[in-house]
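Readers should treat all values here as calculations from the given coordinates under stated rules, not as data from a laboratory. Small disclaimer: the values here were computed from a predicted structure and weren't measured. For neighbour counting, all protein chains shown are included, and Cβ atoms are generated from backbone atoms with ideal geometry for every residue, glycine included.
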Amino acid sequence: MGARPGVDSQGEADKKRNSMLIGAGVGTGVLGCLFAPLLILLLLLGVLVMCAIGWILWPIVLLCEIGLLPCGGGGGGGGGGVDSTAIVDAFNSDGLGELNTEAVPGKYREVIGKAGQECAQIGAIVIVSQVQYESGFVENLVGPDGAEGLSQLPPDKFDEFGEDDDDSGETSALDGEDSIMAQARYMCSLADDIDALIAANEVQGDRLDLTLAAYDAGLDAVKEAKGVPETSRSQTYVIGVRSSFALYSEDADLSDAEYPSLDPRPTPST
């Protein structure tokens with residue numbers, strides 16, 4: 001029987017096409033295996049970037065809610081039934097006003113009042129707002145940098161300023177009273193340093209903002225920046241602590257659910 005050139009040619013073409021398809025499939029699989037880790041890494045980086053953006057922008061959202069920034073939409077005023085003027089005044093204050101003791105967990109009322117009398121520059125409102133920001137009143141909290149306790153003082157600073165304030169026979173950063181009083185002494189020391197730097201025209205800015213930034217980032221960072229460092233961490237710390245001033249100020253009357261803050265307000269106890 002004679003050969004059929006048309007059929008043979010078609011068969012050869014089909015074989016070539018199948019070979020190409022198989023080769024493409026194998027190549028795609030290999031490339032997929034090679035690039036899958038890269039794609040996963042890119043996705044993870046995307047998530048991290050979005051989280052970072054959210055962390056950087058949350059103070060702006062908070063300021064909008066408080067009413068310190070003229071933002072459109074539902075922000076401003078701090079929620080219905082809240083005196084936005086009192087919130088703004090508390091936020092911008094020096095933290096030396098009268099402490100609303102009923103807002104403070106009962107276990108810590110006495111020591112926070114005592115800590116607020118350690119020096120003239122730092123009031124109890126500042127101390128309790130820092131505690132809320134630093135630990136949320138978790139007494140046995142241990143941070144990733146080794147800081148411990150309510151006030152999250154670096155270990156070297158607690159060694160310097162910590163004392164056995166509750167007369168337990170042991171000085172411990174995990175003891176609430178020891179931690180808060182060490183925080184107060186450190187803040188007062190920083191406030192004296194900041195006063196000297198302002199007098200020497202080496203730094204500029206609000207004294208309390210500078211002191212808070214020094215507590216978080218270190219005095220050297222404030223010196224180098226000649227003010228509050230323009231980093232998201234330092235800016236967020238100052239705003240975050242100040243955002244709780246109204247919670248603990250006797251002059252502001254706030255409801256828990258309506259006032260925005262970084263951490264939930266601790267439940268007062270008797």
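Entry note, the range 79-248: relative contact order of 22 percent, from Cα contacts under 8 Å with a spacing of 6+ residues.
Cα centroid separation, the range 93-151 to the range 161-237: 13 Å.
Per-residue Cβ neighbour counts within 10 Å put D178, D159, D165, D206 in the sequence D159, D206, D165, D178, beginning with the fewest. Residues C119, C188, ranked from the fewest to the most other C-beta atoms within 10 Å, line up as C119, C188. The amide H of S249, built 1.01 Å from its N in the peptide plane, has N100 as neighbours under 5 Å, considering only residues 5 or more places off or on other chains.
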